[in-house]
Amino acid sequence: MAKNVILGAQWGDEGKGKHGDVISRDADYMVRSQGGANAGRTLMIDGEQIIMHLLPVGIVRPNVINLVGPYVLMDPEVLKEELLIAKKCGAKVILDDSAPVVLPIHKQIDRGREKLAGKSAIGTTQRGIGPAYEDFWSRRFVKLGDLATKKSFEKALLEREYYQEKVAQTKFLGEYFLCYEKLLKWGEDFYGLFNSFFGDTRAIVARAIAEDKNVLFEGAQGVMLDCLHGARPYCTSSFCTLGAISSSFGVYDFDRVIGIAKAYVTRVGAGPFPTKLDNKIGERIRSAGAEYGATTGRPRDCGWLDLFALKFACRMGGITELHIAKLDVLSCLKEIKVCVAYRGVDKYSSLTTEVLENAKPVYKIFPVWKEDISVVRDYDKLPGEAKDYLSFLEKFLKIKISAIGVGPDRKQIIYR
Ligand code: IMP
């Protein structure tokens, strides 16, 4: 039995899809704990690409029961599509009926705010995440269970003037709003659709742990996008650390907390990015790594691996081991840099917006290997330059690297 966790250790898009898939091969349960359809996880299985936003990537494995917990924002439009993929895969899925629902109004507010903000926009995924979590924290929201029938949906919308207040907000932001009748019509696509998937995911996790099952919790986004530890406002609106899992399921001790980090850094949306490469090298990494958003299609900014930020993320995230993803992408370069410090910044400093905006990275330079490492499956067969690079990371971070990704396919991985 095991209670394991996968967490993004950078600014999201670390390769949690592919690495989550390989880690889930022994899991009985895979449990999504936070975020919403802003997440994009890409799997490549025998040349076929699958992109998931809400359901755990465990849906592609018949041995895994997939749970979506009470702190996940349920987007009915995305759920409907992904449940069809899950059905094709023959997957078992249980959705927590107490989880908050993202309504069209939340997406309108998200879009309206970004438009009004102009140059200071956050660059959100426009999936309604911030506005829907606001409602969750103010305890005024529609639960997934409320979509059971038209009657229960209407009751939830009208309770304590919830709908009326949302309309006032969208009007203020100059957004077109769905009139009440249209909102009920939107709901028609979903009434009753999810009922057979409803379950009490907290109870299921508790029973699974009591019965010594192998439970794998799947984080979304990354610690550097956490709503508390990320650079506000350039972060997401959920906790992206172990905290989200502990609060959701009452689990406080874990066997392995596996952080996923790319061998370089990418970031989408606005906000400070100390090691960003605004030049040909950044473009080369973007092209070699196919760095385009899985949710929005936006080109991702690319930069050198930031070990100073990664160390902070491992500490705040509770990460106990790392997978390094996409090492093969660095083969396209002549030399590699890694950031080991921000000049003058204390090594235990919080990485606030101000610290990141003023950061002056100190780099260490490494040579690049000449061999094609995407075909390597055995750590000892990696070129010396690649092994030196990885062992420097381990020493600096004081964390074991337990696997290395060398290509998009689930088979392109080196275990240690
Ligand atoms: P939101 O979560 O849509 O509100 O977006 C807030 C910030 O988090 C933006 O910079 C997004 O680009 C970023 N973000 C949210 N989800 C992800 C993700 O899964 N991967 C990478 N960035 C994300």
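The values are calculated or read from the model by the stated rules, or taken from the named source; none is laboratory data. Since we're looking at a predicted model, the values are computed, not measured. Cβ coordinates were reconstructed from backbone atoms using ideal geometry, including for glycine residues, and neighbour counts include every protein chain displayed. Just so you know, the surface numbers come from the protein's heavy atoms only, side chains and all, with ligands and any DNA or RNA stripped out. Shrake-Rupley method; radii C 1.70, N 1.55, O 1.52, S 1.80 Å.
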Helices (runs of 4 or more DSSP H) contained entirely in region 60-146, each with at least 3 residues that are crowded, with 21+ Cβ neighbours inside 10 Å and either in contact with a Pro (Cβ under 9 Å, 6 or more places away or on another chain) or acidic (D, E) (or both): 104-117, 129-137
Scanning region 150-177 for residues that are in contact with a Phe, Trp or Tyr (Cβ under 6 Å, 6 or more places away or on another chain) and farther than 28 Å from A117 by Cα, the one surrounded by the fewest Cβ atoms within 10 Å (Cβ to Cβ) turns out to be K150
What residue, among those in region 40-56 that are modelled with pLDDT of 95 or more and within 13 Å of the ligand (Cβ to nearest atom), is surrounded by the fewest Cβ atoms within 10 Å (Cβ to Cβ)? H53
Restricting the first residue to region 114-125 and requiring it to be within 6 Å of the ligand (Cβ to nearest atom), which pairs with a second residue that is open to solvent by 50 Å² or more (accessible area, probe 1.4 Å) and acidic (D, E) meet a Cβ separation below 9 Å and a spacing of at least six or different chains? none
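Let's see how each residue does on (1) within 16 Å of the chain's Cα centre (by Cα); (2) among the aromatic types (F, W, Y); (3) closer than 30 Å to A208 by Cβ; (4) within 16 Å of the ligand (Cβ to nearest atom):
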| residue | (1), (2), (3), (4) |
| --- | --- |
| D301 | no, no, no, yes |
| W304 | no, yes, no, no |
| H323 | yes, no, yes, no |
| L333 | no, no, no, no |
